[in-house]
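Taking it in order: structure first as structure tokens, then the write-up.
The values are calculated or read from the model by the stated rules, or taken from the named source; none is laboratory data. The structure presented is a predicted model; accordingly, all values stated were derived computationally and were not measured. Cβ atoms come from the backbone with ideal geometry, glycine included; neighbour counts cover every protein chain shown.
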Amino acid sequence: MNHAPSPNGTGLPARVLAKRHADHFPLMPTFASFFCRLARRAVSVALFVAAIGAHAQSASLAPVAFTNGQFSLDVYSDSSDSFIVQVSTNLVNWTSVATNTAPFTFVDVSAGQYSDRFYRAELLASSGGNPAGELTNGLVAWYLLHGNADDSSTNGNDGYFQGTVTPTNGVDGSPDTAMWFAGGYLTVPGILVQSNSSFSISAWVDPSQLAGNFQAVADCGNLGNGTAGWSFDFDYNNRLVIACGSGGAESAFVFSPGLFYHVVGTAQTGSPYVFHVYVNGVEFAYDNYLDVTNWTQDVDDTQFGRSINYSIYPFYGAMQDIRIYNRVLSPAEVVMLYTNDSSRYVQPLNSVSAPDLIYLKFQDDIMANPPYSYTNWPAPLRDSSIVDNTNVLYYSNEGSNDDVWVNFNNVFAAALHWHGVDGSYANTGDSNHFDFTTNSYTIGLWVEPYTGGGTFLSCGLDGTNGWCVNEDDNYNLFFNTYSNGVTSSIGSLPVHNNAYNAILISVSNGTNVTMYRDGVSFFTGMVNQPAPSGTNTLILGEQNLGPYFGNTLDGNMWMTQIWSTNLSDMDAVYLYLNQQNGTPWP
């Protein structure tokens, strides 16, 4: 064991463990190049570092440090590799916080808030002649489908169309940047024909005519006849399935016709065999098998747009930007593909209007006013909406050891902190603009809950009239409406604790609800129209129980926004992509 210099400001040695991780990282991520753990205890600070994976051989770490509540890590590389840095408090939920090209220094300014904090730095792509920002490690074919079947990788695996396949508008609406499949298909050469070889398929798809029938995105072999091969298909439940021989996984995401989605399927050989399905960067399916039979390919070609054996089940819709890898993409790499593609295809549209009912950016307030002392409550919050609620006040029962202003990702003092004790809340002072009844509206916010059971937004009396957004003790989000004592609810949307979640709730005509997390639609359904809340105002961070408040949020909130119209699926994507780095947008 090597000992690093004592971190400044701690007076305690930081322990650095090299090439040994089993004792400290029982759930080591498969794909990390480096893995670090910051363990803060009452009388000690320990830093454990492990260098793992084949990609770590060409890179190195300077001694990590914990200084004045900040964690820092220097990453070096002989080949100017690009890395994505992710953080977690539980080894389950990971948040991407930085992407950079070595050498670089990563700093976590909020590390001092956590007793345990895990970091992983994962190699994305080498700079050796590859297109900037593109993930090319293991890429064997790349079909942009801009009116042709040319392979845009350097491997020359051009394909060809058969049947009815015609150019159409792409993800961003540009003409001739995608291909419309209407019974036809794309055939590509035998690039994934090895028995039991790991692979990944990535594509943008618009399943425009899903109707509960089987439709093939990609297919190779005779899997449909029960003999051999693999497939990546929509099943009879409008869900995406990756299947290899006798193994596979079905996504929990139900697709809506007429929208583009970024989909990824991965299949990993070994013991166990592991399968994943991702939609818009989020994992929706995982399964593993000790053994898989019939994972072989008895034909040379792979086809997109139909099942090789079941040609009566073609794909009807559009495809764009198909990529095939001869390895398994990691979760962070899937996020990178989705984010990079979305920045090209989605962000330039910027069609979302500014929220017109309330728009609390929070960081604007700390820049305009010095941090308020703990005896100077309530503190005014600035509303940037056209309504301009000038009476938004933040009340706090914080103790003197708690910070009111906290960081949002890497943006200093951008978010507001609630500590879970009754009496800490923000009151908009507005009882006129949030009685939605039959109207359409959208509620948006970023929230990082530390514990479950908190209320994010509330307008009206609990269980009587009005509405609220809250979570249960198991970190499941609900949207509730109240009408003369009758409660209706939709949700059970899982949110990550100790990580920021982009929450959007879009309501049409007062009843039809779609709930989003991180730009992805999770739930659709109906609620009763909320009855007017009378003189009760919109409250942030606590639930209005009449003359009292309760169920206080224990965590952080950023960018509370409410629109007087219902936003679309693509609006949810725009907001998430534009705001995830801490930029108030629109």
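State the number of residues belonging to the stretch 555-568 that are buried (at least 20 other Cβ atoms within 10 Å of the Cβ) and either at pLDDT below 85 or in a strand (DSSP E or B) (or both).
9
Return yes or no: is F315 more than 25 Å from the chain's Cα centre (by Cα) and modelled with pLDDT of 75 or more?
When the stated conditions are applied, F315 passes them.
Hey, can you tell me all the residues within the stretch 469-481 that are among the hydroxyl-bearing types (S, T, Y) and over 21 Å from Q561 (Cα atoms)?
Within the stretch 469-481, just Y475 meets the criteria.
So, in the stretch 328-366, of the ones that are of a type in the set (S, T, Y) and under 18 Å from A572 (Cα atoms), which residue ends up modelled with the highest pLDDT?
In this case the residue turns out to be Y359.
Right, T552: touching a residue at least 12 places away in the same chain (Cβ under 8 Å) and part of a loop (DSSP other than H, G, I, E, B) or not?
yes
For P530, state whether it is surrounded by 23 or more Cβ atoms within 10 Å (Cβ to Cβ), out of contact with any Pro (no Cβ under 6 Å at 6 or more places or on another chain) and outside any strand (DSSP E or B).
yes
Sort out which residues of the stretch 413-426 are surrounded by fewer than 21 Cβ atoms within 10 Å (Cβ to Cβ) and within 19 Å of L538 (Cβ to Cβ), and write them in order of number.
D422, G423, listed by residue number.
Considering only the stretch 80-166, give the strands (runs of 3 or more DSSP E) lying wholly within it that have at least 1 residues that are modelled with pLDDT of 75 or more and surrounded by 17 or more Cβ atoms within 10 Å (Cβ to Cβ).
Strands (runs of 3 or more DSSP E) meeting the threshold: 82-88, 104-108, 116-125, 139-143, 160-162.
Wholly within the stretch 446-522, which strands (runs of 3 or more DSSP E) include no fewer than the required count, namely at least 2 residues that are at positive phi?
486-494
Filter the stretch 134-176 down to the residues that are acidic (D, E), in the same structural domain as F315 (by TED's automatic domain parsing) and over 21 Å from D301 (Cβ atoms) and list them by number.
D172, D176
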